[in-house]
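Engineer: One structure, as structure tokens, below. Some questions next.
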Amino acid sequence: MGLEAVDLYRKMPHHLCNEVTYKNKQIITTMIDYLSRLYIFDEAQKLIDDYEKSNPPSSVMFMAILSGAQTLISGFLFLFNTYSPVGDHQQVENFRSNRIRELGTKVKPGISWTEFNDEILEFKANNRSHPRFEEIYGKAKRISDVLIKYGYDYDSSWITRLLREDERI
């Protein structure tokens, strides 16, 4: 539906596009909403800029463009997690790196905290810089080995990425 709306908007005769009387605030706001939901932020921002040349700024238009940005990251994560379980890891990596490059964002690693001996410890995903890294991961491996020895079978369906050569389930 969003693509159809953008297509219809683009098919409007050019002489009408320059007339603010034909594109009222509601129409422009709707187009901004559609464009931002399709992640076409440059065009959405251009509509706002064009509107503000002859009208006061509209908070509704800014809320419309921000609502699209809000769903951007969570939508990408959902898409990544959809491609991975079906084994399309190359598609995930291509899509992920393209989006990161386009958005200019830095990926934030997963972080967890735990308390040990009255000290709060922070761990970042795939970070081996903790001063007691060897000891911590060694203990985790020993626990895992004992679990496997007693018949525990890890559920690999939750793994949504390719395993490294040194990893096993």
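All of the numbers you see were taken from the coordinates with simple rules; none came from a lab. Given the structure is predicted, the values throughout are model-derived calculations rather than measurements. We place every Cβ from the backbone using ideal geometry, glycine too, and count neighbours over all the protein chains shown.
Engineer: Report the residue count in the stretch 115-128 for those that are in a strand (DSSP E or B) and loosely packed, with under 10 Cβ neighbours inside 10 Å. Write out each step before concluding.
Structural biologist: From the stretch 115-128, those in a strand (DSSP E or B) are 115-116, 119-124; that's our starting set.
Okay, now just the ones that are also loosely packed, with under 10 Cβ neighbours inside 10 Å, so 115-116, 119-120.
Qualifying residue count, the stretch 115-128: 4.
Engineer: Scan the stretch 25-67 residue by residue and report those that are part of a helix (DSSP H, G or I) and of a type in the set (G, A, S). Steps first, answer last, please.
Structural biologist: Applying the first criterion (part of a helix (DSSP H, G or I)) to the stretch 25-67 yields 25-37, 41-52, 59-67.
Residues satisfying the conditions are S36, A44, S59, A64, S67.
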